[in-house]
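A short write-up of the structure that comes next.
The values are calculated or read from the model by the stated rules, or taken from the named source; none is laboratory data. Since we're looking at a predicted model, the values are computed, not measured. A quick note on method: Cβ atoms are made from the backbone with ideal geometry, for glycine too, and the neighbour counts reach across all protein chains shown. The area values use the complete protein model at the heavy-atom level, side chains included, leaving out ligands, DNA and RNA. Shrake-Rupley method; radii C 1.70, N 1.55, O 1.52, S 1.80 Å.
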Amino acid sequence: TSSRTSKHTLKRNMRAAGDDQFAEFVLSVGNGTYSNIPDGIAAHPAAIRIPSCLVPPSLTADGLMDWVYADFPTSSSIDEMSQYYMGRAVLTTTNVDADKVNHDMLEKLNPQTQRHVYLSQDTSLDASDAERDQFPEDFLNGVASAGIPPHRLELCRGALVMCIRNVAPDMGLCNGTR
C-alpha cells in the first residue's frame, strides 16, 4: 500500500449479528478451519458438513420451502412482500433445481393469480444458412446455462425478480437488484 491508500480487513459479519452460533460457523468456514466431515467418509477437501442446528427439520424440497418461507403473507402489498423476502433465499446447485424452486414459489404466491409468460427469441446472428441449420431455434431455446435466462419466463404479481445484468442502471435495474 502507498501513503495514499490503506488496506482494511473485515472482521465482523453484520449478517450474523445476534446469532453467535451461526457467526462462529461462518467465520470458521471462511478461515478454512471447519469441516465436520466424519472419519471414513470420502469427500472433496473443501467439503463441509452443515451443523444439524442450521439444517431444517425436513430435507425434502417441499419441507425446505416450507421452512424458509414459513408464514407466507397473504397480502399482495409490494411493501409487505419485499419485507418478507428480505433475508430469505434458497440456494441450489443446478439451474434445474432453481427452476423447480422458482415454479414452486410461483404456485405458493397465489395459485389463482394470473400468470404472464415471456418467451425469448433465439437466433444465430451473423451465421450462414448451414450454420443456422446446425443450431435451429428449438435447440437454442433448450440451452440452459449459467448466466443465461431461461427461454420461458413465467411471472405473476408478487414474484421476486433479480437482475443478472445491468439492464438500465439509470433506472436502478442493475446486476443483483431485486
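Exactly one residue out of Arg157, Arg152 is closer than 16 Å to Asn102 by Cβ and touching a residue at least 60 places away in the same chain (Cβ under 8 Å), and it is Arg157.
Any residue that is in contact with an Asp or Glu (Cβ under 9 Å, 6 or more places away or on another chain) and among the basic types (Lys, Arg) - is there at least one of those in the range 44-61? Checked the range 44-61: no residue is in contact with an Asp or Glu (Cβ under 9 Å, 6 or more places away or on another chain) and among the basic types (Lys, Arg).
Quick grid of which residues meet (1) open to solvent by 100 Å² or more (accessible area, probe 1.4 Å); (2) assigned to a helix (DSSP H, G or I); (3) of a type in the set (Phe, Trp, Tyr); (4) under 25 Å from Asp79 (Cα atoms):
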residue: Val117; (1), (2), (3), (4): no, no, no, yes
residue: Asp126; (1), (2), (3), (4): yes, no, no, no
residue: Asp133; (1), (2), (3), (4): yes, yes, no, no
residue: Leu140; (1), (2), (3), (4): no, yes, no, no
residue: Ser145; (1), (2), (3), (4): no, no, no, no
residue: Pro150; (1), (2), (3), (4): no, no, no, no
residue: Ala159; (1), (2), (3), (4): no, no, no, yes
residue: Asn166; (1), (2), (3), (4): yes, no, no, yes
residue: Arg178; (1), (2), (3), (4): yes, no, no, yes
